[in-house]
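*Asks:* Here it is: the structure, laid out below.
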Amino acid sequence: MAAPRTIVDPEVAALATISATLQVDYAADELQWLGSPFAWIKTRPSRQVGTIGERLITGWLAAKDFDIARSPDSDADRLVNGHRAEVKFSTLWKSGIYKFQQLRDQNYEFAICLGVSPFDAHCWAIPKTELMSRWKRSIELGREVDGIQPQHGGSDGRDTAWLTIDPAAVGAWLGAFGGTLSVAAKPPRLLWVGNQGLQREPAPAHVAACNVKPSFAAHSAPANTVAVVATCASGLPPSFFFHCGPAGGDCPDAAEPHSCS
């Protein structure tokens with residue numbers, strides 16, 4: 001058996017002593033992820049982490065019967081039920097925040113931001129319009145606005161932005177777009193994203209003249225539009241329901257379609 005290798009060079013030994021001192025500073029972060037099923041992601045090089053995030057969100061959405069396809073171009077990462085989505089991924093930082101980086105003004109409808117903690121995960125599906133308005137305001141004010149700010153300084157560094165989210169103190173504006181995975185998976189969040197809802201479809205001819213308010217309580221579109229609900233607490237199949245009955249209901253009932261004919 002070969003003898004254990006030791007450091008001979010005194011300068012290398014001095015550097016090793018400094019390394020051992022620094023190790024203590026990083027040990028707490030390692031312990032935080034000890035036993036986590038996501039810990040292996042922390043060991044991967046940064047160039048792979050984004051791809052891992054895309055594959056995680058693709059698998060999760062596919063398991064929930066979303067139609068997922070690759071984007072035909074580099075302006076978006078995925079097509080989610082035909083809607084262009086940019087996918088951003090972050091593991092929890094030592095400071096307790098997620099930081100979603102390299103946001104750009106490209107051709108996508110919403111950004112899916114997936115954050116993974118040692119034993120929890122969060123997701124927000126944020127309309128691009130919400131991100132861009134805050135990014136623009138951040139540039140005008142020269143400071144962070146609702147967690148969004150240019151990623152790099154100077155006039156040449158404004159082509160990318162990052163979004164910082166503290167999962168323990170999420171800004172009110174983000175509440176409509178997600179939260180923990182259990183929250184994000186329910187309307188009106190991941191399955192219903194404001195005026196750019198993932199499940200919105202054109203109103204069919206027989207309800208085009210409907211003049212009642214769409215019944216989905218969180219639906220923010222104007223009257224004469226049709227809310228499409230992807231899941232139904234009443235036990236009806238999780239298919240798409242054209243719904244424009246009285247305000248307040250989550251799912252259409254047998255009587256409501258007749259009110260829109």
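*Asks:* Can you find a residue that is surrounded by fewer than 18 Cβ atoms within 10 Å (Cβ to Cβ), at pLDDT 50 or above and part of a strand (DSSP E or B) anywhere in the range 181-191?
*Replies:* Taking every residue of the range 181-191 in turn, none turns out to be surrounded by fewer than 18 Cβ atoms within 10 Å (Cβ to Cβ), at pLDDT 50 or above and part of a strand (DSSP E or B).
*Asks:* A further question follows. Taking the residues in the range 145-170 that are over 14 Å from F100 (Cα atoms) and either in contact with a helix residue (DSSP H, G or I) (Cβ under 7 Å, 6 or more places away or on another chain) or of a type in the set (D, E) (or both) as candidates, determine which candidate is modelled with the highest pLDDT.
*Replies:* Taking the candidates together, the pick is V145.
*Asks:* Scan Q106, Q102 and give me the residue that is surrounded by fewer than 19 Cβ atoms within 10 Å (Cβ to Cβ), in contact with a helix residue (DSSP H, G or I) (Cβ under 9 Å, 6 or more places away or on another chain), touching a residue at least 60 places away in the same chain (Cβ under 8 Å) and not in a helix (DSSP H, G or I).
*Replies:* From the options Q106, Q102, the qualifying one is Q102.
*Asks:* Something else now. Over 14 Å from G178 (Cβ atoms), of a type in the set (S, T, Y), in a helix (DSSP H, G or I) and in contact (Cβ under 8 Å) with a residue 60 or more places away in the chain: does that describe T129?
*Replies:* It is true that T129 is over 14 Å from G178 (Cβ atoms), of a type in the set (S, T, Y), in a helix (DSSP H, G or I) and in contact (Cβ under 8 Å) with a residue 60 or more places away in the chain.
*Asks:* Residue under question is F89, and the condition is that it be assigned to a loop (DSSP other than H, G, I, E, B) and either surrounded by 12 or more Cβ atoms within 10 Å (Cβ to Cβ) or in contact with a strand residue (DSSP E or B) (Cβ under 6 Å, 6 or more places away or on another chain) (or both); does it hold?
*Replies:* No, not satisfied.
*Asks:* Okay, moving on. Quick one: is Q149 more than 20 Å from S46 (Cβ to Cβ), among the polar types (S, T, N, Q) and assigned to a strand (DSSP E or B)?
*Replies:* Yes; evaluated as a whole, the condition is true for this residue.
*Asks:* Collect the residues in the range 43-86 that are among the hydrophobic types (A, V, I, L, M, F, W, C), farther than 20 Å from K186 by Cα and part of a helix (DSSP H, G or I), keeping them in residue-number order.
*Replies:* Of everything in the range 43-86, those that are among the hydrophobic types (A, V, I, L, M, F, W, C), farther than 20 Å from K186 by Cα and part of a helix (DSSP H, G or I) turn out to be V49, I52.
*Asks:* Answer yes or no: is there a residue in the range 11-32 that is in contact (Cβ under 8 Å) with a residue 12 or more places away in the chain and surrounded by fewer than 10 Cβ atoms within 10 Å (Cβ to Cβ).
*Replies:* Checking the range 11-32: at least one residue is in contact (Cβ under 8 Å) with a residue 12 or more places away in the chain and surrounded by fewer than 10 Cβ atoms within 10 Å (Cβ to Cβ).
*Asks:* Okay, next question. Do the conditions hold for L61, that is, is it surrounded by 19 or more Cβ atoms within 10 Å (Cβ to Cβ), more than 16 Å from A125 (Cβ to Cβ) and either free of Cβ contacts under 8 Å to residues at least 60 places away in the same chain or not charged (D, E, K, R) (or both)?
*Replies:* So L61 fails the test.
The values are calculated or read from the model by the stated rules, or taken from the named source; none is laboratory data. Because the structure is predicted, anything quoted here is derived from the model rather than measured. Counting neighbours? That spans all protein chains shown, and the Cβs are built from the backbone with ideal geometry, glycine included.
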